[in-house]
Every structure is written in C-alpha cells, then in structure tokens.
Amino acid sequence: MLVVGGGIAGIAAALEVQRAGRAVVACDRGRRLGGRMASRSTEGRPVDIGASYFTVSDPAFSAVADDWQRRGLAREWTDTLTVYGDPEKSSTSGPMRWAAPRGLRSLVEDLAAGLDVRSSVAVERIDPDLVMAGQTYAAVALAMPDPQARRLLDPGYADVLAALDDPYEPVLALTAGWADRTWAELDGGFVHGDPVLAWVADDGRRRGDDAPVLVAHSTADFAAAHLEEPDAAQPAMVDALRERLEIPAAPAYASVHRWSFARPTKQRDDPYFLGDDGLGVCGDGWHGKSRVEGAYLSGRALGRAIAERLS
C-alpha cells in the first residue's frame, strides 16, 4: 500500500495498515514530515507556523496525547484565549489547547518512528489501476487537501474527483521576534473585524520558554490577495500586529510563510473516502472534529478500512 502525504492523517493511516501486518510505504514531497503541523527553526528554536495547537476529546486520540505528555513531547497550554474585537478586548474559555515544546512537527515524526517513510518524493500522477511511477499498489491513500489530491488523479477516478469539492482557504503565517516582551500577557487570541489578521499566538508561552516571539495568521481574503508575493505582505501584517498588541518597536526579525490550502471551508461528517478501486482520501476535511484530532482520526479510520479490505 502507498500513503501520499506525511502529515498526521497520512502517518495515522500508514500505522494502522502496518499494525494489521500489511506492507506500507508513506511518502511526502517535503524534506521532513508534518504537513500543516509544520515547525520552522528560527533563531535557533522551533516555531509552529502551521497548526497552532491541538485539542483532545476522542478516547483514541487522548491515549496518544497522554503518551506524548508522559514522554515530554506535548504539554497542556491554555484553555483561555483573548478575543480582540473592534474595539473591545475580551477573553473566552474552551477546551484545553495542547502544544509541543519541540514543535507540532515533532509529534508527527514521533508517530512515524518504525514506518517506511520516504521524504522529498514528488508524486506527479496516480494513474488508473493505482499505478504510480510504474508501480501498482493494492491501495493508495491520499492524505492532503482536496485541491492537491485532485492534481494527482487521472480523470478516470471520477467518483473521488467528484467528492473532492472543497477549495480550502489560504492563510499567511507571520513569525516575528523581538529582543524583549513589551505586550500585555497573552497566550493566543482571535482577531475579529480586522482585514489583515485573524489569529495571533505567543509562541514563547506556547512553547514554554517565554521567548519574545509571536506568530500571526492572516485572514483568508488578505492571503488570497498576496499568494503570488507573500513576502510583500509582511509590512502590513507586522503593522497590524503591532497596532493590535500595542507593541512600540519594530521586530528584530520577521518572515512570512504561505499556506495556499490552509484549512477546509466545510466539515464533512464522513471520516474518509474509500472507493471500490482501493483509492482513499483522508485528512482534516473528512472528520467532524477539530483540525489536528480530526485529521488523526480520519487517517486512523481510513487505514483500518483499507487494512480490512486488503485482508
């Protein structure tokens, strides 16, 4: 079996197939695993530039999170977030948000230990009869956003192409660091009514080292207007962040990462798609739960379904 996509959904799917005693290869076009649970090393420390946190509600995922916590890989972060309104500021409580001292990417890499994972593999096409690069597979799982999955499929896969109808929203992620903390106490915050910013996280609080680093996510509309030149969006994002958090000084460093397909625009109740030909799709758009947990549960469910079919 082949899994295309090295995020948490793809790795969860591959794990279930391997646990069932079937051979499985997982590949990803990136140099490292993680997908949208990406972390980038900035000034000698990891910064989460994709998913900001994860929540836990399902018993299966809770067991995984508890294991990460016992081994020091994950930590409870906060259950209270700031809400930046226009003009009022308030707070909201909800489920516990979890973070990872070494970045969320490290959690995906931990899950993948023991799997046959091949990085820097660019899959160009899945031809009819599940043929990829001249090799035929008993089953193929695509663990990625709908637009990326559509690009890989031969037109003969009419049923799955019809199911992949979510365009996904783009996001720009700004990382900005200062010499000192000059903003009011903050874990993370939703920004309402701003044309530029939608979310901001204190990465030092999130990571647990109190580094003066913020990560801000743009609105989808702002990202869509700057997808061709994301670096050109940096000044406006920095200005909006400084104004919102009342930061007097410019950051010592800043960078912008483009996510063309950051999050689904709708949430399907079905946990995955699996066609009669053995082609499946899983990910955060295929489970009615929060993003990271939903992606894990989607991949896990698809992996089990494929393993059962292959047996």
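The values are calculated or read from the model by the stated rules, or taken from the named source; none is laboratory data. Bear in mind the structure is a predicted one, so any value in this text is a computation, not a measurement. Please note: Cβ atoms are built from the backbone with ideal geometry, for glycine as well, and neighbour counts cover all protein chains shown. Quick note on the areas: whole protein, heavy atoms, side chains included, nothing else; ligands and nucleic acids left out. Shrake-Rupley method; radii C 1.70, N 1.55, O 1.52, S 1.80 Å.
A few notes on this one:
- Residue 65 being aliphatic (A, V, I, L, M) and open to solvent by less than 20 Å² (accessible area, probe 1.4 Å): yes
- Pick from segment 51-86, criterion in contact with a helix residue (DSSP H, G or I) (Cβ under 8 Å, 6 or more places away or on another chain) and of a type in the set (Gly, Ala, Ser), ranking: farthest from residue 191 (Cα to Cα): 60
- Of the strands (runs of 3 or more DSSP E) that lie entirely inside segment 64-153, those containing 3 or more residues that are within 23 Å of residue 19 (Cβ to Cβ) span 116-118, 140-143.
- With respect to (1) surrounded by 19 or more Cβ atoms within 10 Å (Cβ to Cβ); (2) in a loop (DSSP other than H, G, I, E, B), the lone exception for residue 277 is condition (1).
- Among the residues listed as 46, 101, the single one being surrounded by fewer than 23 Cβ atoms within 10 Å (Cβ to Cβ), touching a residue at least 60 places away in the same chain (Cβ under 8 Å) and touching a helix residue (DSSP H, G or I) at 6+ places or on another chain (Cβ under 7 Å): 101
- Residue check for residue 79: open to solvent by 20 Å² or more (accessible area, probe 1.4 Å) and at pLDDT 95 or above: yes
- Unique match (being within 19 Å of the chain's Cα centre (by Cα) and within 30 Å of residue 53 (Cβ to Cβ)) among 110, 187, 116, 194: 110
- Annotation note: Cβ proximity below 9 Å between a residue of segment 182-211 that is over 15 Å from residue 251 (Cβ atoms) and in a strand (DSSP E or B) and a residue that is among the β-branched types (Val, Ile, Thr) and open to solvent by 50 Å² or more (accessible area, probe 1.4 Å) (sequence gap 6+ or interchain) occurs for 190/92.
- Residue in segment 129-144 that is surrounded by 19 or more Cβ atoms within 10 Å (Cβ to Cβ) and of a type in the set (Asp, Glu) present: no
- Test for residue 120: is it hydroxyl-bearing (Ser, Thr, Tyr) and touching a Leu at 6+ places or on another chain (Cβ under 8 Å): no
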